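For reference, the structure is listed below as structure tokens.
The values are calculated or read from the model by the stated rules, or taken from the named source; none is laboratory data. Everything quoted here is computed from the prediction, not taken from an experiment. When we count neighbours, we look across all protein chains shown, and the Cβ atoms used for this are built from the backbone with ideal geometry, even at glycine.
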Amino acid sequence: MTRQVYIETYGCQMNVADTELMLGLLGRDGYVPTNDPAAADVLLVNTCAVRDNAEQRVIGRVGELKRYKRPGTVLGVVGCMAQRLGRRLLDEAPHVDLVIGPDGYRALPELIGRAVDGRRAADVEFRAWEHYEDVPAVRGPRVGAFVTVQRGCDYRCTFCIVPMTRGRERSRKLADVVDEVRRRADEGVSEVTLLGQTVNSYRDGAADFADLLRAVGAVPGVRRLRFTSPYPTDFTDRVVAALAEVPAVCEHVHLPAQSGSTGLLKRMGRRYGRDEYLAVVERLRAAVPGLALTTDLIVGFPGETEPDFADTVSLVRAVGFDDAYTFRYSPREGTGALRLPDPVPDEVAGERLERLIAVVREVARRRNAARVGEVHEVLVEKVARRGGLLQSRTRGNKIVLLDGPVEWIGTYLHVRLTGTTGSTFTGVPATGSRELAVVG
């Protein structure tokens, strides 16, 4: 009888890529994926540990999934939260059968077998050699592909749990990455996103991130190349030159700032100040005309004063971000920030977050309104969540909603932007511009 596995994925694109690895590993052992938890023999929740509310959401969801357990069914928690909590999770949640961190997925079939026999297990050992090179990932229903090029992180930002959940930084060999991208291109994928915790610090001993961009961008069939998330001061002159010179590299960089206050950035353990960050922005925009910039911002970090917060707001206006992911600081066990004095009251942090979101939306709305009427190339990705429209994306990472047949999914169009909500656009195909080749 065919065994079925159900996986729910939370968190970043790297978790999405890890879910595809797990499906590949279990596929070799005879499992097929299902979207119905009630039909599954194995239920896995792939978790994020960056913020406490993400963990609480997962804990609640795992409690809900236990109702699908029947004799022989295995319920497991995998990923970053599993790595952080380890065997504690088994002790605190008797309905959980196995706990596996990001470096332990290769043991999934064996540990599932043990769990079926009633032997609950945890595997949270770091394996610096593990890149899952021999595992054929099972891609999700996307027109693009995520390709992990780097695992772990050596930067010790005081707010961040990632070094404790992903281990030390290590990069895959350039040739292995190119081989994977070539396989994806042969399958019809034309848009590739390179993933790493500080992706532009990639080094395999001989090649750096500039070499990687040039090599991947030269793979036949790769039309769009993206990457996330870079570290601001790791944009060397070689990397910036590659951004400008490799045609496939898209005109969008997600450039996490975290704060606009130099003093607060120092407390965060970031390796730059406000002026250094703005200098990186200037270099990137000088090299890549029309570059879209997005960012991450934290409010309520310990010691944040009203002037510190004002510096963050002014950074948003000075850079003119196209969008920003904004967060209230979340204390994480084991991070340096827990030792910092002067915590910011929740009500103050919440009020600042609301103000920051309003400014981010204002700046994005103004920038997007100025683009209405322009013609852009888009890749049609999927059916949108509302209105029976199709969702597409520009090279600058702008979402454009279109009215058209599902046969357009996976094709490139040139569209004229007809309107904007402030964050997304509506558009229509520009006359005579539609490209007929299906690429994904």
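The strands (runs of 3 or more DSSP E) falling completely within segment 15-118 that include 1 or more residues that are in contact (Cβ under 8 Å) with a residue 40 or more places away in the chain map to 31-33, 42-47, 74-79. Val288 fulfils the conditions (1) buried (at least 22 other Cβ atoms within 10 Å of the Cβ); (2) under 29 Å from Glu377 (Cβ atoms); (3) aliphatic (A, V, I, L, M) except for a single criterion, (1). Return the residues of segment 181-234 that are within 17 Å of Pro247 (Cβ to Cβ) and polar (S, T, N, Q); say none if nothing qualifies. Once the filter is applied, which keeps residues that are within 17 Å of Pro247 (Cβ to Cβ) and polar (S, T, N, Q), segment 181-234 yields Ser190, Thr193.
For first residues located in segment 244-265 and at positive phi, partners that are buried (at least 20 other Cβ atoms within 10 Å of the Cβ) and not in a loop (DSSP other than H, G, I, E, B) and lie 6+ apart or on another chain with Cβ distances below 7 Å form the pairs Gln258/Leu265; Gln258/Met268; Gln258/Leu297; Gln258/Ile298. When Ser330, Ser314 are checked against the criterion of being among the hydroxyl-bearing types (Ser, Thr, Tyr), more than 15 Å from Thr420 (Cβ to Cβ) and in contact (Cβ under 8 Å) with a residue 60 or more places away in the chain, a single residue qualifies: Ser330.
Among the residues of segment 159-182, is there at least one that is touching a Pro at 6+ places or on another chain (Cβ under 9 Å), aliphatic (A, V, I, L, M) and in a helix (DSSP H, G or I)? No - not one qualifying residue is present in segment 159-182. Checked against (1) under 30 Å from Val380 (Cβ atoms); (2) in contact with a helix residue (DSSP H, G or I) (Cβ under 6 Å, 6 or more places away or on another chain); (3) small (Gly, Ala, Ser), Gly140 meets all criteria but (2). Glu187 fulfils the conditions (1) modelled with pLDDT under 95; (2) crowded, with 21+ Cβ neighbours inside 10 Å except for a single criterion, (2). Evaluate segment 427-436: report whether one residue or more is in contact (Cβ under 8 Å) with a residue 40 or more places away in the chain, out of contact with any Cys (no Cβ under 7 Å at 6 or more places or on another chain) and within 30 Å of Ile298 (Cβ to Cβ). Looking through segment 427-436, none of the residues is in contact (Cβ under 8 Å) with a residue 40 or more places away in the chain, out of contact with any Cys (no Cβ under 7 Å at 6 or more places or on another chain) and within 30 Å of Ile298 (Cβ to Cβ).
Quick check on segment 347-381: of everything there that is acidic (Asp, Glu) and in contact (Cβ under 8 Å) with a residue 40 or more places away in the chain, which residue is farthest from Arg142 (Cα to Cα)? Show your work before the answer.
First, pick out the residues of segment 347-381 that are acidic (Asp, Glu): 347, 351, 354, 362, 374, 377, 381.
With in contact (Cβ under 8 Å) with a residue 40 or more places away in the chain added as a condition, the list becomes 374, 381.
Working: Glu374: 26, Glu381: 7 Å.
Of everything passing the filter in segment 347-381, Glu374 is farthest from Arg142 (Cα to Cα).
Scanning segment 304-339 for residues that are touching a Leu at 6+ places or on another chain (Cβ under 8 Å), farther than 12 Å from Phe159 by Cβ and in a loop (DSSP other than H, G, I, E, B) yields Gly320, Phe321, Asp322. Checking each residue in segment 309-342 for being exposed (fewer than 15 other Cβ atoms within 10 Å of the Cβ) and charged (D, E, K, R) picks out Arg317, Glu333, Arg339, Asp342. Within segment 246-285, the residues that satisfy the criterion of being in a loop (DSSP other than H, G, I, E, B), buried (at least 21 other Cβ atoms within 10 Å of the Cβ) and either modelled with pLDDT under 95 or over 21 Å from the mean Cα position of the chain (by Cα) (or both) are Gly260, Ser261. Taking segment 110-139 as the search range and keeping residues that are small (Gly, Ala, Ser) and surrounded by fewer than 16 Cβ atoms within 10 Å (Cβ to Cβ), which one is nearest to Asp29 (Cα to Cα)? Looking at the filtered set, the residue picked out is Gly113. Does segment 18-41 include one or more residues that are acidic (Asp, Glu), surrounded by 18 or more Cβ atoms within 10 Å (Cβ to Cβ) and under 30 Å from Thr158 (Cα atoms)? Yes: segment 18-41 contains one or more residues that are acidic (Asp, Glu), surrounded by 18 or more Cβ atoms within 10 Å (Cβ to Cβ) and under 30 Å from Thr158 (Cα atoms).
Within segment 185-224, the residues that satisfy the criterion of being more than 19 Å from the chain's Cα centre (by Cα) and of a type in the set (Lys, Arg) are Arg203, Arg214, Arg223. Remark: pairs (first residue in segment 211-223, assigned by TED's automatic domain parsing to the domain that holds Arg238; second residue of a type in the set (Lys, Arg) and surrounded by fewer than 17 Cβ atoms within 10 Å (Cβ to Cβ); Cβ separation under 9 Å; 6+ apart in sequence or on different chains) = Asp211/Arg238; Val219/Arg182; Pro220/Arg182; Gly221/Arg182; Val222/Arg182.
Scanning for something assigned to a helix (DSSP H, G or I), more than 18 Å from the chain's Cα centre (by Cα), under 30 Å from Gly336 (Cα atoms) and not assigned by TED's automatic domain parsing to the domain that holds Val380, does segment 225-234 turn up at least one residue?
Step one: filter segment 225-234 for residues assigned to a helix (DSSP H, G or I), giving 232-234.
Still in the list and also more than 18 Å from the chain's Cα centre (by Cα): 233-234.
Then keep just the ones that are under 30 Å from Gly336 (Cα atoms); that gives 233-234.
This time we only want the ones that are not assigned by TED's automatic domain parsing to the domain that holds Val380, so: 233-234.
The answer is yes; a qualifying residue exists.
Results for (1) surrounded by fewer than 17 Cβ atoms within 10 Å (Cβ to Cβ); (2) charged (D, E, K, R), shown as yes or no for each residue.
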residue	(1), (2)
Asn15	no, no
Leu43	no, no
Gly60	yes, no
Arg88	yes, yes
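Based on what the data block shows, is Ala384 surrounded by 15 or more Cβ atoms within 10 Å (Cβ to Cβ) and either of a type in the set (Lys, Arg) or in contact (Cβ under 8 Å) with a residue 60 or more places away in the chain (or both)? Full working, then the answer.
Working: surrounded by 15 or more Cβ atoms within 10 Å (Cβ to Cβ): yes; either of a type in the set (Lys, Arg) or in contact (Cβ under 8 Å) with a residue 60 or more places away in the chain (or both): no.
Taking the combined requirement at face value, the residue does not satisfy it.
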